[in-house]
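Below is one structure, written out as structure tokens; the observations come after it.
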Amino acid sequence: GIRQAVINENGKTIFELGDWMTEDSPRSRGGDNDKWTYLIVQKRRDEILKDTLGRLIPMPKGLMDSTGRVVLPPEFPDLHIWEKYPYLNAKTAAGNFVLMTIDGRKIHEFKPCKSSILMQHIGHGLNRAGVGPLAVWTENETLLIDDNNAVIRHFDLPFGREVLSEELAEQFVILIKNNQK
């Protein structure tokens, strides 16, 4: 059978996944001194699960770090890692989207919506570095999050996707109401 393992750049096996399988390739996060890898994982299954109507049931996904420790147990049918920001977003069994830190701590659960979560820094400083709070939104609501992952403000309006100047980004956020910014 097929075996999956995490192997370092020298070809040494760090750990074997055993009863786990990865959804995609491992990804790296952190600076030169603080580099680690995370994988989206799910339990192996021998047969495809189907509901009573014959539709495929998505397997719950979780998060594992580069030591093989399960950071977030598989409980979400859909789980995504944001490459640019240290966040996860997942869809609950009820269909709500949840925003979490990379270690699985819940920041906010959004109201039901059709789209997924989007995010961007409101402004850009030198070398396109994020300035001001991070805007996270769906078509129904917008959050402003500070550098400590705390929600600064919550709006029941979608975000007007604009890049503001560094000075303005620290003071203003653009929202959409009745299709007007």
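Miscellaneous remarks
- Close amide H pairs (under 5 Å, H built 1.01 Å from N) link S165 with no residue at least 5 positions away or on another chain.
- Packing order of peptides 134-143, 12-21, highest average first: 134-143, 12-21 (average count of other Cβ atoms within 10 Å over each peptide's residues).
Bear in mind that the values in this text are calculations on the coordinates, not laboratory data. Computed from a predicted structure; not experimentally measured. Cβ sites come from the backbone with ideal geometry, for glycine too, and all protein chains shown count toward neighbours.
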